[in-house]
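Colleague: My questions all concern the structure below.
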Amino acid sequence: MSVKPKSLWQKMWEPKDLQSMAPATKVLSYSILLFWTFIVLFPLYWLFVTSFKLPIQVSDGPYYIPFIDFEPSLHAWEYIFIDLGRDTLRPYMNSIIIASSSTVLAVFIGSMAAYALTRIEYKPKVGSIVGFIVILGLVVYLTVVVKMQWQLTLSIGFALFVSFVFAFSRYFKRSLGNNDILFWIISQRIMPPVVSVLPIYIMFQQLGLLDTHFALIVTYMAVNLPIAVWLMRDFFARIPVELEESAMLDGASRMRVFLTIYMPLAKPGLAATTMLILILSWNEYLLALFLSTADAQTMPLMVAAQNATRGPQWWYMSVLIVVMIVPVLIAAGFIGKMISKGQLSGAVKG
Amino acid sequence: MKFFNLNQRRPLSKLLTAITAATAVTLAAGASTAIAKKFDGVTVNVMTFTGPQIAEPLQRHAPAFKELTGATINIITVPYSDLYSKLLTDFVTGTNSVDAAVFAPQWLVDYADPGYLEDLSSRVAKDTALDAQDISPFFRSFSTQYQGKTYLLTLDGDFHMIYYRTDVLKAAGLKPPKTWDEYLAVAKAVHGKDMNGDGKADYGSCISKKRNAQAYWSIMSIAGGYLQGQGTGQGAFFDTKDMKPLVNNDAFAAALTIYKDTGKYAPADEINLDVGDTRGLFTSGRCALTLDWGDIGTLAIDPASSKVVDKVGASMLPGSTKILDRATGKLETCTTKTCPYAVDGINRAPYAAFGGWSGGVNATADEQVKNAAYDYFSYVSQPAQSNADVTKGITGFNPYRLSQFNDMDKWLAAGMSKGAAQNYLGAIKDSLSSPNMLLDLRIPKNQNYQGVVLDTAIARFLAGEINVNQTMETIEEGWNELNEDLGVEDQLRLYKATLGQ
Amino acid sequence: MQTHKMNVKRKRSFGEMLDQASPKLLILPTVLIILFLAIYPLLLSAYLALSRFKLVRGGFELKFVGFRNFKKLLFGSQEYHFLGTVGEILLWEWLLIVIVIAALCRWMFRYLRSAKVTVVGTLGRSVTLVVFSALTVLAFAVLNGTGYPGSLMITLFYVFAGVSIQFVIALGLALLCAQNIRGKNFFRMVFFIPIMVTPVGIAYAFRMLMDMSQGPFSPLWTLFGLGEFSWAADASMARWVVLIGDSWQWIPFLFMVLFAAIESQSKDQVEAAQLDGAGAWRIFKDITFPAIAPVAATAVLIRLIEAFKIIDLPNILTNGGPGIATESMTLHSFIAWRTQDLGGSAAVGYSLLFIAVVVCVSFFNFIGQKTQPKGA
């Protein structure tokens, strides 16, 4: 008698076959997934509704649903797109140009290094590295403290380094491996940007490149390179070495192997890396603040700027945040398609 | 020499303006042709912060100015929180991409002392259109000057006042507070009442207490009445004898206690509210009292943001019946000798917190650019332009000219009732004409003294990490350390210089 | 003809030269870029950390002050800010500390007795040992309720609590999504969205959401009788709120990487195990997890590095308050920098660099390496 309910209980947790889930597990899984969907989407929904609210509707809130518990207003959208007009579009275009170019560069250059670090063994000499750092320190010292011309100190430093390497490199025995290079690369991302922004500012100021797209593209490329190298390395490592070896036997050069075998096969990884770096450079704030003044200003500055002497202008801010997500979403959709295509072509070739 | 004090922005009259200006140029310069304007081909890059408060009027006046003089005014904006360091970086590294800037006069010393800013004294002296005598003496002679020279033109008048809900106080039979003890009493009496008709209990007092926001101004607004009795020149931050910080004494302890006690009649998360939040709360009718700059006056009459139209009163900062004896560190009852400016035995020191946005000119710019930049700031500050700007809610410009109090019409046109306008302007006038106005700290690295040492200690005090005495010791220690770092003698000399001593 | 042939030959040799140099050419751009845009700022700011920046007539002055900025952080007027206010350590807490340190020492001892001892390895492990022991003592001294943590401990809290919570949730979601469920692509796309939002925007969004009087959840708080309670006034609650925002932003990153790794592992082994009647937990432990471990390690390392730099959320949500309870090291450095205390700012930055490098190297060498398949 009492067996029946127990068996129902058991039934709930027992899958019909290996491919499908038990009913209870299914309910549980879906409710977790839906719950998380709510967590993810609610803040975005709130931003979206806020962009249609009048100031008084925000400070007197909460109001949840437009038309039902408050009368939506387009005032914030009008302010951002009509009153500010070109002042919104310019940073928008800047962001698109800067983020996309720096991403492409970072991913390509980073992939080259990642490929090299997975397949070629490097043995940089400890002595040369120490020598380099000492000489660079000297250059910085002479420029900053002794106030010599940077062009001069840099060329002296370079000359010193070259002669140093030629003169002493054969006495250096101890060398580092690929893992050390890798770690050195990633460690460059640990430094908080606050600390490195001033030297970078001075560098571009000396070159007369402040407030240009170029400065921001180069900087973003540099700060994101480590991530590109690291992520791509994992994806390249999974590609069987045999493919490369047979191609090399056929006489293909390294560059060709990299371009025609590795890059296409790693497309899913390439897409994921591109996406991540695109997002990071799209959203970067502090470096943009200093390297741009007017012409090259980017969107995150616009968002942050909505908090001024009158407190955060939630409605304007919400508009900007919402419109800032759009291009990234489009890019994500586009890149997502590339992933599935990449897998397909990869399968055909493999 | 100035010829463009006409305020006409309508298209039809633009032509007339242009002709008048051109004629004036011919008459003044004599030699030049009738068409050539004074600053043809000159472009001035003016930096300020993003947002309509300052950038909007600057942008709005630019076309008319170009019409008059031929100079193109190019407004560059950066986020408010980073304007200080952005400008400083530009000056320090010699980038000089900014020809002129509108910024907080508190930063003046950091920019003027190393010589980045142009001395405008002689220009101001020659400038009749500016009508400098109309500018309130506090801004004319303290706020814009450094070591006796004028480096800035005031575009905005900023100082703290308190605001109260006239309807709430009336219903409770209370008068606007004159001392901080009264402030607490009023807040206590009305706390928990429903003030906006939504059936929920509202708050007695809302004051910005957030860290890295305005807390370090709020505390000085309270402490001012206890610390400074002898007029602006006495100062309230350091003893002018030996640069001893005035933060470890009974006066400051009283202010700290009051500041914390206002939190009893406030929203639970007041410790995380900045002035934007308290403004939102006040204008949506949820607080009976608040401490703020002039902005609330115009925000409260804007129906898009306010539920308290015509229910707001303003008053000069409350004070104290006791004053600090600097020799003993104890509070003594005010006498005519210790508080010469006290009224009814109450010493009040309206605090010029922040000091009002002002324009300064980069010393390294070309002569013509400097002239054009100066003329533009003068143009925006002239009564014809500024008297209208200060009544507009969207601009962050608050009154600073005497004529702005006399002419009530613009305020009535902006939507204030006569009573409210009289009350609001009266409070501003009282504060500005007070000879005991408290000047903000203007010595080098003042951001470090206030924004870091004072602010962090206050934040830890409000959070309960440290008690009153520990707080005062921490601030004193921090300020002394900064004094020693920068040279006690130097700082003392500069501190006295800002006070006109 | 002759010349033509010559040309071909020359071209070829150039191509060969290029090919021979290709190992160097492939890595050279990365190395050069990082040298110029990362090493040079590093050296310059090292100098800044050892000096005092002062504005003087006609420009600025950098005065060399040695380790004064660091001394200030560790023993001087900024000690409370960086290390924290030290409270009392109770006896049982001392016991726990001793146990932790003993475990670290044992790990060190085992290494020393093993066959592969090297100078560098010993040195590295000693640093790890000392740093982790010191941090353990500090953690107890400032976090047990009698003291107040400084930016160092607060940052470590964000890093360790944040990254572990985010990893667990992301792994759970990735495993769920990898099941045979409908709408897989929908969930994958949606779960990825938060990372696209600009961090400044996320911080402001959470400030709106967490507002207990006007935020969307305020009726809920009132219902629970929390209307008069404020998370912002409570130090540890405020830290958790910051962490919630941080997690919302970063779980997608870990989710994305882990999901991709799970999807790309071979299904055969899993199916074979299922046929053998292995439970879900055993399959995960013995098959799935080892397969995704290398990718997971990389993802966690990247996440660790970014977590050390957390700034936008505390800066915008609480401005580092109440008191200094939510102030991370990057924010500490930023505030100092904003008030032209460039030396102090660089000193905090360098301390962060040091701690982060020790933690990341330890992770990389002692956990990351183990997850790598043999021979790779």
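Colleague: Among the residues of region C:72-94, which ones are more than 9 Å from chain B (Cβ to nearest Cβ) and part of a loop (DSSP other than H, G, I, E, B)?
Modeller: The first filter runs over region C:72-94 and keeps only residues more than 9 Å from chain B (Cβ to nearest Cβ), leaving C:73-75, C:78-79, C:82-84, C:86-94.
Passing the criteria: C:Phe75, C:Gln78, C:Leu83, C:Val86, C:Gly87, C:Glu88, C:Ile89, C:Leu90.
Colleague: Would you mind listing the helices (runs of 4 or more DSSP H) fully within region A:192-284 where at least 2 residues are buried (at least 24 other Cβ atoms within 10 Å of the Cβ) and facing chain C (nearest Cβ under 8 Å)?
Modeller: In region A:192-284, the matching helices (runs of 4 or more DSSP H) lie at A:193-206, A:213-237, A:267-283.
Colleague: For region C:261-299, give me the residue count where each residue is in a helix (DSSP H, G or I), within 11 Å of chain A (Cβ to nearest Cβ), over 23 Å from the mean Cα position of the chain (by Cα) and polar (S, T, N, Q).
Modeller: Within region C:261-299, residues that are in a helix (DSSP H, G or I), within 11 Å of chain A (Cβ to nearest Cβ), over 23 Å from the mean Cα position of the chain (by Cα) and polar (S, T, N, Q) number 2.
Colleague: Still on this structure, please answer the following. Give B:Gly276, B:Gly229 a once-over and let me know the one that is assigned to a helix (DSSP H, G or I) and in the same structural domain as B:Lys193 (by TED's automatic domain parsing).
Modeller: Going through B:Gly276, B:Gly229 in turn, the sole match is B:Gly276.
Colleague: When the residues of region B:74-83 are narrowed to those that are open to solvent by 10 Å² or more (accessible area, probe 1.4 Å), in contact (Cβ under 8 Å) with a residue 12 or more places away in the chain and not hydrophobic (A, V, I, L, M, F, W, C), which ends up nearest to A:Gly311 (Cα to Cα)?
Modeller: Among residues in region B:74-83 that are open to solvent by 10 Å² or more (accessible area, probe 1.4 Å), in contact (Cβ under 8 Å) with a residue 12 or more places away in the chain and not hydrophobic (A, V, I, L, M, F, W, C), the one nearest to A:Gly311 (Cα to Cα) is B:Tyr80.
Colleague: Next up: Could you check region B:219-270 and list, in sequence order, the residues that are within 14 Å of chain C (Cβ to nearest Cβ) and touching a Ser or Thr at 6+ places or on another chain (Cβ under 7 Å)?
Modeller: If the condition is that a residue be within 14 Å of chain C (Cβ to nearest Cβ) and touching a Ser or Thr at 6+ places or on another chain (Cβ under 7 Å), then B:Tyr265, B:Ala266, B:Pro267, B:Ala268, B:Asp269 are the ones that fit.
Colleague: For residues that are open to solvent by 10 Å² or more (accessible area, probe 1.4 Å) and at pLDDT 90 or above, scanning just region B:41-58, find the one that is nearest to B:Gly396 (Cα to Cα).
Modeller: So, considering only residues that are open to solvent by 10 Å² or more (accessible area, probe 1.4 Å) and at pLDDT 90 or above, the one nearest to B:Gly396 (Cα to Cα) is B:Asn45.
Colleague: Now for a different question. Within region B:468-479, can you find the residues that are surrounded by 16 or more Cβ atoms within 10 Å (Cβ to Cβ) and more than 12 Å from chain C (Cβ to nearest Cβ)?
Modeller: If the condition is that a residue be surrounded by 16 or more Cβ atoms within 10 Å (Cβ to Cβ) and more than 12 Å from chain C (Cβ to nearest Cβ), then B:Met472 is the only one that fits.
Colleague: Continuing with this model, one more query. Can you find a residue in region B:145-159 that is touching a Gly at 6+ places or on another chain (Cβ under 6 Å), within 14 Å of chain A (Cβ to nearest Cβ) and of a type in the set (Gly, Ala, Ser)?
Modeller: Yes: region B:145-159 contains one or more residues that are touching a Gly at 6+ places or on another chain (Cβ under 6 Å), within 14 Å of chain A (Cβ to nearest Cβ) and of a type in the set (Gly, Ala, Ser).
Colleague: Could you list, in sequence order, the residues of region C:300-326 that are assigned to a loop (DSSP other than H, G, I, E, B), facing chain B (nearest Cβ under 10 Å) and not small (Gly, Ala, Ser)?
Modeller: C:Thr318, C:Asn319, C:Pro322, C:Ile324, C:Thr326
Colleague: Please verify whether region A:175-189 includes one or more residues that are within 30 Å of A:Arg90 (Cβ to Cβ), assigned by TED's automatic domain parsing to the domain that holds A:Asn224 and either in contact (Cβ under 8 Å) with a residue 40 or more places away in the chain or assigned to a helix (DSSP H, G or I) (or both). Step through it out loud before you land on a result.
Modeller: Step one: of region A:175-189, the residues within 30 Å of A:Arg90 (Cβ to Cβ) are A:189.
Imposing the further condition that a residue be assigned by TED's automatic domain parsing to the domain that holds A:Asn224 reduces the set to A:189.
Then drop every residue that is not either in contact (Cβ under 8 Å) with a residue 40 or more places away in the chain or assigned to a helix (DSSP H, G or I) (or both), which leaves none.
No: zero hits.
Colleague: Going by what's in this entry, would B:Ile222 be described as closer than 30 Å to C:Arg239 by Cβ, touching a strand residue (DSSP E or B) at 6+ places or on another chain (Cβ under 9 Å) and at pLDDT 95 or above?
Modeller: For B:Ile222, the condition - closer than 30 Å to C:Arg239 by Cβ, touching a strand residue (DSSP E or B) at 6+ places or on another chain (Cβ under 9 Å) and at pLDDT 95 or above - is met.
Colleague: Report, by residue number, each residue of region B:429-445 that is over 30 Å from B:Leu482 (Cα atoms) and in contact with a Leu (Cβ under 8 Å, 6 or more places away or on another chain).
Modeller: B:Ser431
Colleague: So which residues in region B:459-496 are over 21 Å from C:Thr85 (Cα atoms) and not in a helix (DSSP H, G or I), if there are any at all?
Modeller: Answer for region B:459-496, where residues must be over 21 Å from C:Thr85 (Cα atoms) and not in a helix (DSSP H, G or I): just B:Gly487.
Colleague: Among the candidates C:Ile305, C:Ile324, which residue alone is in contact (Cβ under 8 Å) with a residue 12 or more places away in the chain and in contact with a Gly (Cβ under 8 Å, 6 or more places away or on another chain)?
Modeller: C:Ile324
Colleague: Can you list residue pairs whose Cβ atoms sit under 9 Å apart, with the first residue in region B:148-164 being among the basic types (Lys, Arg) and the second being open to solvent by 20 Å² or more (accessible area, probe 1.4 Å)? Count only pairs 6 or more apart in sequence or on different chains.
Modeller: From region B:148-164, the pairs are B:Lys149/B:Asp119; B:Lys149/B:Ser121.
Colleague: For region B:211-226, enumerate the residues that are hydrophobic (A, V, I, L, M, F, W, C), part of a helix (DSSP H, G or I) and either farther than 15 Å from B:Asp440 by Cα or open to solvent by 10 Å² or more (accessible area, probe 1.4 Å) (or both). Before you say what the answer is, go through the steps one by one.
Modeller: Within region B:211-226, the subset hydrophobic (A, V, I, L, M, F, W, C) is B:213, B:215, B:217, B:219-220, B:222-223.
Within this subset, residues satisfying the condition of being part of a helix (DSSP H, G or I) are B:215, B:217, B:219-220, B:222-223.
Across region B:211-226, the qualifying residue is only B:Trp217.
Colleague: Still on this structure, please answer the following. Residues that are more than 30 Å from B:Ala342 (Cβ to Cβ) and within 20 Å of the chain's Cα centre (by Cα): find the helices (runs of 4 or more DSSP H) completely inside region B:104-210 holding 1 or more of those.
Modeller: Result: B:108-112.
Per-residue answers, yes or no, for (1) among the acidic types (Asp, Glu); (2) surrounded by fewer than 21 Cβ atoms within 10 Å (Cβ to Cβ); (3) not assigned by TED's automatic domain parsing to the domain that holds B:Asp440:
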{"residue": "B:Asp127", "(1), (2), (3)": "yes, yes, yes"}
{"residue": "B:Asp134", "(1), (2), (3)": "yes, yes, yes"}
{"residue": "B:Ser141", "(1), (2), (3)": "no, yes, yes"}
{"residue": "B:Leu174", "(1), (2), (3)": "no, yes, no"}
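Residues checked against (1) closer than 23 Å to B:Thr257 by Cβ; (2) in contact with a helix residue (DSSP H, G or I) (Cβ under 6 Å, 6 or more places away or on another chain); (3) modelled with pLDDT of 95 or more; (4) more than 10 Å from chain C (Cβ to nearest Cβ):
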| site | (1), (2), (3), (4) |
| --- | --- |
| B:Arg442 | no, yes, no, yes |
| B:Gln447 | no, no, no, no |
| B:Ile466 | yes, yes, no, no |
| B:Glu481 | no, no, no, no |
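Colleague: May I ask you to say which residue of B:Asp274, B:Asp292 is under 20 Å from the mean Cα position of the chain (by Cα), buried (at least 22 other Cβ atoms within 10 Å of the Cβ) and of a type in the set (Asp, Glu)?
Modeller: It is B:Asp292.
Colleague: With respect to B:Lys429, is the statement that it is away from chain C (no Cβ under 14 Å), surrounded by 17 or more Cβ atoms within 10 Å (Cβ to Cβ) and farther than 30 Å from C:Phe334 by Cβ true?
Modeller: yes
The values are calculated or read from the model by the stated rules, or taken from the named source; none is laboratory data. Only a predicted model underlies this, so the values are computations on that prediction, with no experimental measurement involved. Ideal geometry is used to build each Cβ from the backbone, glycine not excepted, and the neighbour counts take in all protein chains shown. Areas reflect the complete protein model, heavy atoms only, side chains present, ligands, DNA and RNA absent. Shrake-Rupley method; radii C 1.70, N 1.55, O 1.52, S 1.80 Å.
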